[in-house]
1. What are the residues whose amide H is under 5 Å from the amide H of Gln62, where those residues sit 5 or more places off or on another chain and H is modelled from the backbone?
2. Based only on other Cβ atoms within 10 Å, what is the fewest-to-most ordering of Ser86, Ser61?
3. Considering amide H positions built from the backbone, and no H for Pro or chain starts, which residues 5 or more places from Ser86, or on another chain, come under 5 Å of its amide H?
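None of the figures in this text is laboratory data; all of them are computed from the coordinates on show. No experiment lies behind these values; they were computed from the predicted model shown. Neighbour counts are summed over all protein chains in view; Cβ atoms, including those assigned to glycine, are modelled from backbone coordinates with ideal geometry.
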Amino acid sequence: MSLSTGAISQTAFRRTIDDCIQYARRNGVGDFRLGRRSHPRLPYVHPVRYCLDSAPSQNQSQPGYTLNIGLEGMALCCREALAVGSSVRVCLPLSDGSTVWMEGTVAYCEPDAEHYRAGIAFITHDGQDFSRGST
């Protein structure tokens with residue numbers, strides 16, 4: 001079920017994130033770091049591909065990996081600093097072996113050992129921005 005974010009509806013968005021969260025819950029250690037978030041994050045460590053909106057195509061995506069995921073966003077480990085507020089697309093693995101490109105906005109980006117840790121706030125296709133909370 002490879003979905004393009006251009007064709008993803010609110011219902012499909014919710015099913016996609018729910019699938020990622022269920023996959024993380026089955027393979028992770030449970031909810032953690034609720035803090036100021038209205039939705040818990042779950043450990044979700046997977047290699048992914050991501051690209052900035054400035055990239056001409058998804059063929060020019062960069063390697064990275066997820067650290068955790070929740071309904072509103074995810075943490076992404078990447079090799080380069082990402083500008084806060086920039087648009088990003090992340091190719092997430094689903095439990096059935098397929099992938100989906102999700103759109104988001106960089107909420108923060110900070111150095112983390114040899115890489116950068118970026119908080120990505122998901123944006124649904126219907127324009128609802130989930131970045132109002134901390135990611």
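1. Tyr50, Cys51
2. Numbers: Ser86 14, Ser61 17.
If I rank by nearby Cβ atoms, fewest first, I get Ser86, Ser61.
3. Amide H neighbours of Ser86: Val106.
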